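Written out below as structure tokens is the structure these notes cover.
The values are calculated or read from the model by the stated rules, or taken from the named source; none is laboratory data. It should be emphasised that the depicted structure is a prediction, and the values quoted were computed from it without experimental measurement. All Cβ positions, even for glycine, are placed from backbone atoms using ideal geometry, and neighbour counts span all protein chains on display. These area figures cover heavy atoms from the full protein model, side chains too; ligands, DNA and RNA do not enter into them. Shrake-Rupley method; radii C 1.70, N 1.55, O 1.52, S 1.80 Å.
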Amino acid sequence: MFNDAIKMTGNLKLVLTDENGNIKQEEEVKNLVVTVGKNFIASRMKDATATAMTHMEVGTSTQAAAVGDTALIAAVASSRVTLTSTTVTTNSVAYVASFPAGTGTGALTEAGIFNASSAGTMLCRTTFPVVNKAAGDSIAVTWVVTVS
């Protein structure tokens, strides 16, 4: 008998820098691949009708991520940005995004990956210790999703 369970895990790394490029804070946390994200992955195995993941968004909710989540709980207005790169390596996908000065400002505590510039399907959601992003600060995010 074969028992081959497939698992999806994720890891998010945030680097907050000031307007001069000095690192102010770094956070690394695990994330949750939500049910709609798993359904998205299964649909992509069949064909390419589901739009690929293209955006990342930040928010201010500290509510724990749950498998039934379909959006961020408290997205920051105008904080959804286009991914700067998506790289597949063996069984992992690395999604990279940058939140420049003036974008996603506030006491950030959650993030998600989406396949649209608004609404769309959310692949993953995570919460993290508060990252206080001032108007002149930038955040670089690398989010790796691994299938094992």
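Checking each residue in region 76-92 for being more than 12 Å from the chain's Cα centre (by Cα) and of a type in the set (A, V, I, L, M) picks out Val76, Ala77, Val88. For region 72-125, the candidate set comprises residues that are part of a loop (DSSP other than H, G, I, E, B) and under 14 Å from Thr142 (Cβ atoms); within that set, the residue that is most open to solvent (accessible area, probe 1.4 Å) is Thr84. Restricting the search to region 1-23, which residues are assigned to a strand (DSSP E or B) and exposed (fewer than 12 other Cβ atoms within 10 Å of the Cβ)? Across region 1-23, the qualifying residue is only Ile23.
Search region 61-71 for residues being out of contact with any helix residue (DSSP H, G or I) (no Cβ under 7 Å at 6 or more places or on another chain) and surrounded by fewer than 14 Cβ atoms within 10 Å (Cβ to Cβ), and hand back the single one that is farthest from Thr127 (Cα to Cα). It comes out as Ala66.
In region 24-47, the count of residues that are open to solvent by less than 90 Å² (accessible area, probe 1.4 Å), assigned to a loop (DSSP other than H, G, I, E, B), hydrophobic (A, V, I, L, M, F, W, C) and in contact with a Cys (Cβ under 9 Å, 6 or more places away or on another chain) is one or more. Give region 91-131 a look and list any residue that's under 15 Å from Glu19 (Cβ atoms) and in contact (Cβ under 8 Å) with a residue 60 or more places away in the chain, or say none. Ala101, the sole residue that qualifies.
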